[in-house]
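**Student:** My questions will all concern the structure given below.
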Amino acid sequence: MKLAFGIEYDGTNYHGWQKQKNLPSVQEEVEKAIFSITNEKINVFCAGRTDAGVHAIGQVIHFKTNISLTDKAWIMGMNSNLPSSISIKWIRRVPDSFHARYSAYARRYQYIIYNSKIRSSLYYNKVNHIYYMLDEYSMKKAANYLIGEHNFISIKQSDCQSISSWRKIYNLSINRYGNYLVIDIKANSFLYHMVRNIVGVLLDIGSGKKSIDWIKNIINVDKKINLIKTVSANGLYLVLVYYPHEFLIPRYFNVKHFF
């Protein structure tokens, strides 16, 4: 049978989702937990291969197994064999046509900035601390230029494996909750470091280093712009993956759960 799981994790101490030789990864911990229950060596597929330090609230995985257990037994069994930084939130039995990565039609990330002169000790590795005041209104105006389908070759990393640099952004909103600034972005898919590079552009505008119109330079151009900064992974969260309704994959997340 094929199973899909929803996973949450703190990526601080992992070198990303994907297994790597001699480096800790989320995938390795999940596959070890599955083996402890099934005694089967299983390769797990995920919706988004998050980078080192990136967190997830709505990661989705799938794998095939010959073991039949109740939902409760799967969730309790997995969580009892996972480190405290990783937890299983839900389980679904899915058809063979389902694929955690290729069945998804959109993904949603949030980037959280702690905008205060004094750093937070509680959320040190969970947010990006920006000590100078940001103008979120200028950032919002600039973000509107990115909504829609554009060529993002200007921010494409040299080691990005994607053939096409065209992506469609469905939503890009910026909201302040006290000292916290949340950049919420939903797209059909993302280039390597795309969210972190977009945030870097918006920070330059929010700080006054660049004008609002400067953001037009990063869409539908024909070359990479080397001045764009890739911001820290600390504040980045994979919060939701969208699938066709037929797969009955849960969709529940509210940004206000953070605050």
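**Student:** Looking at (1) surrounded by 15 or more Cβ atoms within 10 Å (Cβ to Cβ); (2) within 20 Å of the chain's Cα centre (by Cα), which is the only condition Tyr124 fails?
**Tutor:** For Tyr124, the exception is condition (1).
**Student:** Could I ask something else about it? Taking only pairs six or more apart or across chains, which ones have beta-carbon atoms under 7 Å, a first residue in the range 182-207 that is farther than 29 Å from Pro244 by Cβ, and a second residue that is of a type in the set (Asp, Glu)?
**Tutor:** Gly206/Asp135; Gly206/Glu136
**Student:** Assess whether Ile67 counts as being out of contact with any strand residue (DSSP E or B) (no Cβ under 6 Å at 6 or more places or on another chain), closer than 12 Å to Ile88 by Cβ and of a type in the set (A, V, I, L, M). I'd like the intermediate steps shown before the answer.
**Tutor:** Working: out of contact with any strand residue (DSSP E or B) (no Cβ under 6 Å at 6 or more places or on another chain): yes; closer than 12 Å to Ile88 by Cβ: no; of a type in the set (A, V, I, L, M): yes.
For Ile67, the condition - out of contact with any strand residue (DSSP E or B) (no Cβ under 6 Å at 6 or more places or on another chain), closer than 12 Å to Ile88 by Cβ and of a type in the set (A, V, I, L, M) - is not met.
**Student:** Please go through the range 180-238 and give me each residue that is touching a strand residue (DSSP E or B) at 6+ places or on another chain (Cβ under 6 Å) and loosely packed, with under 15 Cβ neighbours inside 10 Å, ordered by number.
**Tutor:** Asn220 - this is the single residue of the range 180-238 that is touching a strand residue (DSSP E or B) at 6+ places or on another chain (Cβ under 6 Å) and loosely packed, with under 15 Cβ neighbours inside 10 Å.
Coordinate-derived values only; no laboratory data. Small disclaimer: the values here were computed from a predicted structure and weren't measured. Glycine gets a Cβ as well: all are built from the backbone with ideal geometry, and neighbour counts include every protein chain shown.
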